[in-house]
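The values are calculated or read from the model by the stated rules, or taken from the named source; none is laboratory data. Since the model is a prediction, treat every value here as computed from it, not as a measurement. Note: ideal-geometry Cβ built from the backbone for every residue, glycine included; neighbour counts use all protein chains shown.
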Amino acid sequence: MKVGYLDLLGQLETTVELAPLADQLGWSRYWLTEFPPQPSPLTLCGVLAGLTSRIPIGTAAILFSLYAPRRTAYDFQLIERLYEGRIDAGLASSLASPVLMRDDLDGRDLDTLIRTYPERFATFLRHLRNTPGAPGYDATLAWPGAPELPPRVWSLGSSRAAELAAHHGTAFGYPLMYALSKDDPAVSLRYRDTYQATPLAPTPLSIVSIGGYAAATDDAAHAAAEKWAIFTPHVVGSFATVAGRLAELKTRNRADEIIFADMHRDPDARQRTIEGLAAAAATHIELRD
């Protein structure tokens, strides 16, 4: 199906069970967010890829302002080498709280990192795409163990992320999971209209992610729904209700896929969501492969 699952918690004991379940039930992707304090989701991506057989695994997203571009490119290449064709490298310019960022900044100027994000994104891409099977391969700058082709890159965020994605020929993801998030199809449509094709990615690829709660009934979903941390639900309802909303969202944004950001914190509720929403999505032609 054309619906992926965004794991907002990354709780090890639960995630290692949910990812194989999503793989088995036909979900299109399993993504991990970065919500400090936690280890980089890059590490857990490698674990989940080893526990699954089909589903692409990715980050949505690493807080790239806190990462070294070249080193991060090599880290993604390593996981791609192990699980070729199944790794999504999702990056965003989002930041954590000042208390949690202080040590990661290690004396670097935050304003400079924010201002130079587009340049750092381009540097990351240059190193990530420097693989033996890619055009312009430069062995003097490459990691010798690089995969034949790089993993797919996703620029995640709103207007600036869409502009970077279109300019550099990467995939784009638009989030609807925060208090200020707006359902604005113009952002995704502009990405498609201005997309600059590359040999590695000749056509645009876009996703819309939406945060919410799905349950057996509308009443059960609303009873569970709450805002937490930085996340705000934008869809709440039964599995059938939510699947219908996802189908509408996909059509309105001309998106290739939809990602459901499950805001349940109870492990059993998250498992029921993966099972119930997979069945409901199968009834919508827009969400089927």
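Please work out if residue 151 is closer than 18 Å to residue 60 by Cβ and out of contact with any Pro (no Cβ under 8 Å at 6 or more places or on another chain). Lay out the reasoning, then the answer.
Details: closer than 18 Å to residue 60 by Cβ: yes; out of contact with any Pro (no Cβ under 8 Å at 6 or more places or on another chain): yes.
Yes: the conditions hold for residue 151.
Scan region 1-19 residue by residue and report those that are surrounded by fewer than 18 Cβ atoms within 10 Å (Cβ to Cβ) and either in contact with a strand residue (DSSP E or B) (Cβ under 9 Å, 6 or more places away or on another chain) or closer than 24 Å to residue 174 by Cβ (or both). Break it down stepwise before answering.
At the first step, the residues of region 1-19 found to be surrounded by fewer than 18 Cβ atoms within 10 Å (Cβ to Cβ) are 10-14, 16-17.
If the condition is that a residue be surrounded by fewer than 18 Cβ atoms within 10 Å (Cβ to Cβ) and either in contact with a strand residue (DSSP E or B) (Cβ under 9 Å, 6 or more places away or on another chain) or closer than 24 Å to residue 174 by Cβ (or both), then 10, 14 are the ones that fit.
Residues checked against (1) modelled with pLDDT under 95; (2) among the aliphatic types (A, V, I, L, M); (3) within 22 Å of residue 188 (Cα to Cα):
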residue	(1), (2), (3)
79	no, yes, no
95	yes, yes, no
106	yes, no, no
110	yes, yes, no
122	no, yes, yes
153	no, yes, yes
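Give region 147-158 a look and list any residue that's surrounded by fewer than 22 Cβ atoms within 10 Å (Cβ to Cβ), within 16 Å of the chain's Cα centre (by Cα) and over 13 Å from residue 94 (Cα atoms), or say none.
Result: 152, single match.
Please work out which residue is farthest from residue 228 (Cα to Cα), limiting yourself to region 258-272 and to residues that are in contact with a Phe, Trp or Tyr (Cβ under 8 Å, 6 or more places away or on another chain) and buried (at least 17 other Cβ atoms within 10 Å of the Cβ). Lay out the reasoning, then the answer.
So in region 258-272, the residues in contact with a Phe, Trp or Tyr (Cβ under 8 Å, 6 or more places away or on another chain) come out as 259-265.
Still in the running and buried (at least 17 other Cβ atoms within 10 Å of the Cβ): 259-264.
Numbers: 259: 19, 260: 16, 261: 13, 262: 12, 263: 8, 264: 10 Å.
Applying the filter and picking the extreme gives 259.
Tally the residues that are under 17 Å from residue 252 (Cβ atoms) and of a type in the set (Gly, Ala, Ser), restricting the search to region 176-198.
3
If you take the residues in region 171-209 that are part of a loop (DSSP other than H, G, I, E, B) and within 18 Å of residue 87 (Cα to Cα), which one is nearest to the chain's Cα centre (by Cα)? Outline the logic, then answer.
Residues of region 171-209 that are part of a loop (DSSP other than H, G, I, E, B), as a first pass: 177, 179-184, 194-205.
Filter once more, so that each one left must be within 18 Å of residue 87 (Cα to Cα): 200-201, 204-205.
On the way: 200: 19, 201: 17, 204: 16, 205: 13 Å.
Per the stated criteria, the residue is 205.
Within region 29-100, considering only strands (runs of 3 or more DSSP E) that don't extend past its boundaries, which have at least 2 residues that are in contact with a Ser or Thr (Cβ under 7 Å, 6 or more places away or on another chain) and in contact (Cβ under 8 Å) with a residue 40 or more places away in the chain?
Working: elements: 30-32, 57-59, 87-92.
Ranges flagged: 87-92.
If I filter region 65-97 down to residues being of a type in the set (Asp, Glu) and out of contact with any strand residue (DSSP E or B) (no Cβ under 8 Å at 6 or more places or on another chain), which single residue comes out as surrounded by the fewest Cβ atoms within 10 Å (Cβ to Cβ)? Please lay out each step first, then the result.
The first filter runs over region 65-97 and keeps only residues of a type in the set (Asp, Glu), leaving 75, 80, 84, 88.
Restricting the remaining residues to those that are out of contact with any strand residue (DSSP E or B) (no Cβ under 8 Å at 6 or more places or on another chain) gives 75, 84.
On the way: 75: 21, 84: 12.
In this case the residue turns out to be 84.
Is it the case that region 212-229 has a residue that's surrounded by 15 or more Cβ atoms within 10 Å (Cβ to Cβ), in a loop (DSSP other than H, G, I, E, B), modelled with pLDDT of 95 or more and not hydrophobic (A, V, I, L, M, F, W, C)?
no
Does residue 122 count as in a helix (DSSP H, G or I), surrounded by fewer than 19 Cβ atoms within 10 Å (Cβ to Cβ) and of a type in the set (Gly, Ala, Ser)? Please lay out each step first, then the result.
On the way: in a helix (DSSP H, G or I): yes; surrounded by fewer than 19 Cβ atoms within 10 Å (Cβ to Cβ): yes; of a type in the set (Gly, Ala, Ser): yes.
It is true that residue 122 is in a helix (DSSP H, G or I), surrounded by fewer than 19 Cβ atoms within 10 Å (Cβ to Cβ) and of a type in the set (Gly, Ala, Ser).
Residue by residue through region 47-64, note down the ones that are among the hydroxyl-bearing types (Ser, Thr, Tyr) and buried (at least 24 other Cβ atoms within 10 Å of the Cβ).
First pass over region 47-64, keeping only residues among the hydroxyl-bearing types (Ser, Thr, Tyr): 52-53, 59.
Of everything in region 47-64, just one residue is among the hydroxyl-bearing types (Ser, Thr, Tyr) and buried (at least 24 other Cβ atoms within 10 Å of the Cβ), namely 59.
Does residue 217 satisfy the criteria of being among the hydroxyl-bearing types (Ser, Thr, Tyr) and either over 25 Å from residue 9 (Cβ atoms) or in contact (Cβ under 8 Å) with a residue 60 or more places away in the chain (or both)? Can you show your working first?
Details: among the hydroxyl-bearing types (Ser, Thr, Tyr): yes; either over 25 Å from residue 9 (Cβ atoms) or in contact (Cβ under 8 Å) with a residue 60 or more places away in the chain (or both): no.
Here the answer is no, as residue 217 does not meet what is asked.
Which of the residues spanning region 162-192 are of a type in the set (Asp, Glu) and under 21 Å from residue 235 (Cα atoms)? Can you show your working first?
Pass one, region 162-192, residues of a type in the set (Asp, Glu): 163, 183-184.
If the condition is that a residue be of a type in the set (Asp, Glu) and under 21 Å from residue 235 (Cα atoms), then 183, 184 are the ones that fit.
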